[in-house]
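Here is the structure we will look at, set down as structure tokens.
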Amino acid sequence: MGVRSSSKEIHQKDHNNSPYGYGYNLASSGTNLVSSLMKSWKTSSTRSSPRSNSSYTGDGNFDAMAKQQTTAIKNSSSSSSYSPLKYSSPIVSSGGGNSSGTRTSTDSAKLYASGNKYSSSYYRENGSGSTRKNDKYFRDLDEDWSAVIDDYNMPIPIITNGGVASPATPKITRSSSMKTTPTSSTTAMANQNASSTFSYPQLPQLQKSLTTDLRSQLEVENEREAQELSSMLQRMARFDCILKNKHIINQQELRQISWNGIPKPQRPVVWKLLIGYLPANTKRQESLLKRKRQEYRDGLEHVFSEQHSRDVPTWHQIEIDIPRTNPHIQLYQFKSVQRSLQRILYLWAIRHPASGYVQGINDLSTPFFQTFLTEYLPQSRLDDVEELDPESYLTESQLKDVEADTFWCLTKLLEQITDNYIHGQPGILKQVKNLSQLVKRIDQDLFNHFKSEQVEFIQFAFRWMNCLLMREFQMSAVIRMWDTYLSETSLETSSSSAAMISDTGTPRTPTEPVSMTFQSFTSPSTTSKSSSEDLPRIRRSSLNEFHVFVCAAYLIRWSDQLIEMDFQNIITFLQNPPTRNWEETDIEMLLSEAYIWQSLYKDATSHWQ
């Protein structure tokens, strides 16, 4: 075999021998190259194609490109000023001869490869028609395209049950054979890609434990609501058993079950019974309500008539305090409610000149007023009482009845704590002193810390006694607390109960003065002979006494935080305690703690020294 000429020599021969110049010879060699390639490709496709018995006639794309190139050569040969730069591409040409004699397809391929940056081995064919990929560059390209195709065929993980998960990116591992677990999600894919060499991870699925937890939580909430509803229905049935179809209501039993809370639909009637406004004799209740309500109307007509000179200072003070009463509740911003409270407070001040109106009484009237409004609302809207204007669902006569009931119940309550509002307010001062002594016995560390920081109990506890902790809680929590407070009140006034105290009552030391607040009382039906024997059994605490234990439990609740504070922080914290979001369960826990302290200390008079 002779030595093949190099690409440079072939180009030089073409340049010297061609009558049309170098450009024409290059184009002719390109045409011979495409023609030889097409012939070889037709032969190999005819031998290897199993799809058809007929020979392949040609490719339309190559024929069109060859015709286009031939036309371009003819046009260029007829032009007098031909430039090689006008030649577009030597790869798209077919057919045609050349001026330098016959050349083999292999020589033409070598000639074309010398002017092209791609290797000619990509187009080289073997004797059997199969293509050999000897060039490393094209082997790399084949591997890259194989990886792209495999990635394209990879299934996309999809979570169909609404699960919250971020599936991890599947890791591709090459292996000689596929190693996958035949699951329902991968069987179909494995059948389609049996020749694949990749193993795919199992698709992420919704965690069953999460669904079970959510379902269990929902079931627990539903069960809790069902239990609360069942408990409420049972309590309502117990109250109905006491209140209805009875000639005489058992006051002792009523107080006992009311201590733990009263259902909303029955609260107005029960409060009137506990405070002593309604008699235990059910046959007398209707006539008494009618008489008391008419008496209230007559009192309003008298004090607002021309025959009565208005007490200007008292009226002015009430006008100032009413808009500031419960400013965070919409109910007390209605003009109709403000006018009603103003009439109630002014009439009470005129009928009780010994004490008159004192700031704080306006707060004590609001639980009664709000509770008695619910008596005229359907049971489904009891919780909306704080948002509705009473004039939208009450007539003028009904509103006057609510005012009358509020007035008489407020009167009964203030009779229990009259000493808190007379001149000098000795009842409040006595309660504050008892609170400090009680805290000293229960929490010595807190008491000593207050003493070292020069914190006086009167600086924060005066408001607690004056308003019965109403400004420390939401109204709903206050009303729940008053269920217990009214259960602790006696049917007799504080003055009459004081007169009925026996010498065999609460023991006192020789130097201890008679307490004006911590008093016990005897039942009106108890005789003087049996009072000494039955007193330990029937003795009940007064409202003032129990309230002191509630304040002690309330203060000790923050003991750990208060010990770490200085004077300024202590006063600021106790004036704005974090109890605005307290619910009924928090109030019940506070009352339970107060009851424990009361059981331990109420009869131990030595602890008050």
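Tell me, please, whether a residue that is within 40 Å of the chain's Cα centre (by Cα) and not in a helix (DSSP H, G or I) can be found in region 369-382.
Checked region 369-382: at least one residue is within 40 Å of the chain's Cα centre (by Cα) and not in a helix (DSSP H, G or I).
Just for region 432-450: of the residues that are of a type in the set (Lys, Arg) and within 42 Å of the chain's Cα centre (by Cα), which one is least open to solvent (accessible area, probe 1.4 Å)?
440
Within region 319-361, which residues are more than 41 Å from the chain's Cα centre (by Cα) and part of a helix (DSSP H, G or I)?
Those that are more than 41 Å from the chain's Cα centre (by Cα) and part of a helix (DSSP H, G or I): 343, 344, 345, 346, 347, 348, 349, 350, 351.
Would you please name the residue that is surrounded by the fewest Cβ atoms within 10 Å (Cβ to Cβ), looking only at residues in region 330-354 that are more than 14 Å from residue 402 (Cβ to Cβ) and basic (Lys, Arg)?
335
So that you can scan it fast, the table gives a plain yes or no per residue for (1) buried (at least 22 other Cβ atoms within 10 Å of the Cβ); (2) farther than 23 Å from residue 327 by Cα:
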site: 375; (1), (2): no, yes
site: 389; (1), (2): no, no
site: 407; (1), (2): yes, no
site: 411; (1), (2): no, yes
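Are there any pairs with C-beta distances below 9 angstrom linking a residue in region 230-244 that is open to solvent by 50 Å² or more (accessible area, probe 1.4 Å) to a residue that is in a helix (DSSP H, G or I) and hydrophobic (A, V, I, L, M, F, W, C), with the two at least 6 apart or on different chains, and if so which?
Here the result reads 235/257; 238/257, each pair linking region 230-244 to a residue that is in a helix (DSSP H, G or I) and hydrophobic (A, V, I, L, M, F, W, C).
Those residues that are under 19 Å from residue 355 (Cα atoms) and either at pLDDT 95 or above or open to solvent by less than 80 Å² (accessible area, probe 1.4 Å) (or both), I need them from region 287-314; list them, please.
If the condition is that a residue be under 19 Å from residue 355 (Cα atoms) and either at pLDDT 95 or above or open to solvent by less than 80 Å² (accessible area, probe 1.4 Å) (or both), then 299, 303, 311, 314 are the ones that fit.
Can you pull out the residues in region 272-281 that are in contact (Cβ under 8 Å) with a residue 12 or more places away in the chain and crowded, with 16+ Cβ neighbours inside 10 Å?
272, 273, 274, 275, 276, 277, 280
The values are calculated or read from the model by the stated rules, or taken from the named source; none is laboratory data. The structure presented is a predicted model; accordingly, all values stated were derived computationally and were not measured. Ideal geometry is used to build each Cβ from the backbone, glycine not excepted, and the neighbour counts take in all protein chains shown. Just the protein is used for accessible areas: all its heavy atoms, side chains included, with ligands, DNA and RNA removed. Shrake-Rupley method; radii C 1.70, N 1.55, O 1.52, S 1.80 Å.
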